[in-house]
Amino acid sequence: MCEPVLGGRAEGVKLRRSILAALIVALLVTPGALGCGNGADQMTTTTKTAETSGSVSTPTTTAPVSTDSTAPSIGTTTTPTSADLEPVTAPSLPADIPGYTEVDPATGLHVTGEPVVVDLATYRLKVGGKVARELSLTYDELRGLPRVTASPLLNCPGFFTDQATWSGASLEAILEMAGVQPDAERIEMKSADGYSISLTLETALGTESFLAYELMGDTLPVLHGFPVRAVIPGKDGNLWIKWLVEISVE
């Protein structure tokens, strides 16, 4: 009676060992089966490079590429490309025009002069006089020149002092395109309203002087000189001529 019982027990032990062995094999070949998360998440891939005799391979990291794009800082010069130029719609006069030296509510800047509406489609800035080649620049050609951005004080002594951020074409770049003759001493700037001013060539060629076509990042309003006005840092506001149409080198 005992031998059949012992034989049955032996067979039972063998069966349990077989089942246990099968379970162990299953656990070893199934990633994540021990409760360590998703098997795919636990797998790693290692890329090896050719071993160099006498050297030890050191892991390297690649710095992330910055995609941050910021506007030029104040007082900087950049050169736009044609791809950078967005279409511009000519601004119109506001319904209510502030009086002389009154504040324009849209910009917070004071207003001087009688505003002139200039046709953008036919606008040309003419450059002549003592130059190697005369120029007739469209609005977009001006926008494609080295761009200056600055926030100088606009001072009209006895009346007001304003400050804003202007952007526009380098006056130095324009004069270099024209090729100023060696005996030139001054430039005269003329406005569409007939007003004119005169600058020494030294001031005109200063890197800070430019012709603004933007105010605070937007198209220059008509009240403040659209299409372009002069920005001459350090000089009184009467030299910051608006609605500029002509430059003559003398």
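The values are calculated or read from the model by the stated rules, or taken from the named source; none is laboratory data. No experiment lies behind these values; they were computed from the predicted model shown. Glycine gets a Cβ as well: all are built from the backbone with ideal geometry, and neighbour counts include every protein chain shown.
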Across the stretch 132-141, which residue is surrounded by the most Cβ atoms within 10 Å (Cβ to Cβ) among those that are farther than 10 Å from I174 by Cβ and in contact (Cβ under 8 Å) with a residue 40 or more places away in the chain? Y139
Filter pass, T112 being buried (at least 17 other Cβ atoms within 10 Å of the Cβ), in a loop (DSSP other than H, G, I, E, B), hydroxyl-bearing (S, T, Y) and modelled with pLDDT of 95 or more: yes
Just a yes or no: is a residue in the stretch 184-203 of a type in the set (V, I, T), assigned by TED's automatic domain parsing to the domain that holds V111 and in contact with a Gly (Cβ under 9 Å, 6 or more places away or on another chain)? yes
Of the residues in the stretch 152-176, those that are in a loop (DSSP other than H, G, I, E, B), over 16 Å from T219 (Cα atoms) and of a type in the set (G, A, S) number 1
